[in-house]
Amino acid sequence: MNERPTVLVVDDDQSIVELLRDFLENERFQVVMANDATQAWTEFQRNPIHCIILDVMMPGQNGFELCRRVRTESNVPILFLSARSDDVDKIRGLTLGGDDYIVKTASPGEIVARVKAVLRRTSTQQANAVNVLDYGRIKLNLSTREVFVDGTNVSLTPKEYELLRLFAEHPRQVFTYDQLLSKFWEGIGDKHTIRVHLSRLREKIELDPDQPQYLTNVWGVGYRFEGV
């Protein structure tokens with residue numbers, strides 16, 4: 001991954017969020033901030049997130065509940081951040097799918113080190129895994145850059161392949177027009193540019209390009225990969 005990893009920091013204490021942002025950005029992470037679970041979920045759907053630092057006790061939906069919701073869609077690493085150090089909360093957080101549990105007495109430097117450690121660990125696990133994304137009719141071999149639709153090797157342009165790979169690696173995540181333009185066209189172009197490329201890609205992977213099952217529109221926002 002050439003892009004800088006993006007960390008979502010979620011805490012109802014704005015001073016903690018801003019402090020962690022400063023330390024993470026100093027280590028060349030990109031940071032997305034949220035002060036409650038509702039805002040965090042919106043940012044999670046909107047951005048490609050590589051790691052979440054998640055406060056446990058927040059007004060409304062707490063961190064444990066948000067973790068449960070995230071785990072229905074993603075295996076992104078989650079590091080719980082809590083003022084409480086008792087084992088019950090630690091066990092609950094890890095049981096729900098958390099990757100680490102950090103007490104708030106930890107220094108910002110230690111928290112950043114924990115983020116780096118969990119990203120190294122997950123990166124190694126991914127590298128050792130079978131490098132194939134399997135979505136039934138559609139399969140991507142990331143090692144060979146081959147795409148198979150109903151068992152047939154489909155020829156994609158480099159841009160089409162990279163677009164499909166991004167969507168397939170983040171199923172159900174919405175990518176906006178601006179995000180796609182910035183990532184693949186360096187911000188040069190418009191919605192029509194994206195629509196043309198996605199239309200050509202649909203012709204190659206969808207049973208009915210006019211009623212796509214995989215690459216669907218989120219009207220007025222962008223696209224997402226359903227992973228059906």
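The values are calculated or read from the model by the stated rules, or taken from the named source; none is laboratory data. Nothing here was measured: the structure is a model prediction, and the numbers come from that model. Here the Cβ is made from the backbone with ideal geometry for all residues, glycine too, and neighbour counts use every protein chain on show.
Results, tabulated for the structure shown:
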| item | result |
| --- | --- |
| Residues that are of a type in the set (A, V, I, L, M) and touching a residue at least 24 places away in the same chain (Cβ under 8 Å), drawn from segment 2-36 | 7, 8, 9, 10, 16, 19, 20, 24, 31, 32, 33, 34 |
| Cβ pairs under 6 Å, 6+ apart, first in segment 66-91 and among the β-branched types (Val, Ile, Thr), second part of a helix (DSSP H, G or I) | 78/67 |
| Selection status of residue 134, surrounded by 15 or more Cβ atoms within 10 Å (Cβ to Cβ) and of a type in the set (Asp, Glu) | no |
| Cβ pairs under 8 Å, 6+ apart, first in segment 181-195 and closer than 16 Å to residue 164 by Cα, second among the hydroxyl-bearing types (Ser, Thr, Tyr) and part of a helix (DSSP H, G or I) | 181/193; 185/193; 194/177 |
| Those strands (runs of 3 or more DSSP E) lying entirely in segment 138-228 with at least 3 residues in contact with a strand residue (DSSP E or B) (Cβ under 7 Å, 6 or more places away or on another chain) and within 20 Å of residue 74 (Cα to Cα) | 138-141, 215-218, 222-225 |
| Residue in segment 76-123 that is surrounded by the fewest Cβ atoms within 10 Å (Cβ to Cβ), counting only those that are in a loop (DSSP other than H, G, I, E, B) and modelled with pLDDT under 85 | 86 |
| Candidate set from segment 19-37 (those that are part of a helix (DSSP H, G or I) and either acidic (Asp, Glu) or in contact with a Gly (Cβ under 7 Å, 6 or more places away or on another chain) (or both)); member that is surrounded by the fewest Cβ atoms within 10 Å (Cβ to Cβ) | 22 |
| Matching entry among 107, 143 (being among the small types (Gly, Ala, Ser), free of Cβ contacts under 8 Å to residues at least 40 places away in the same chain and more than 27 Å from residue 43 (Cα to Cα)) | 143 |
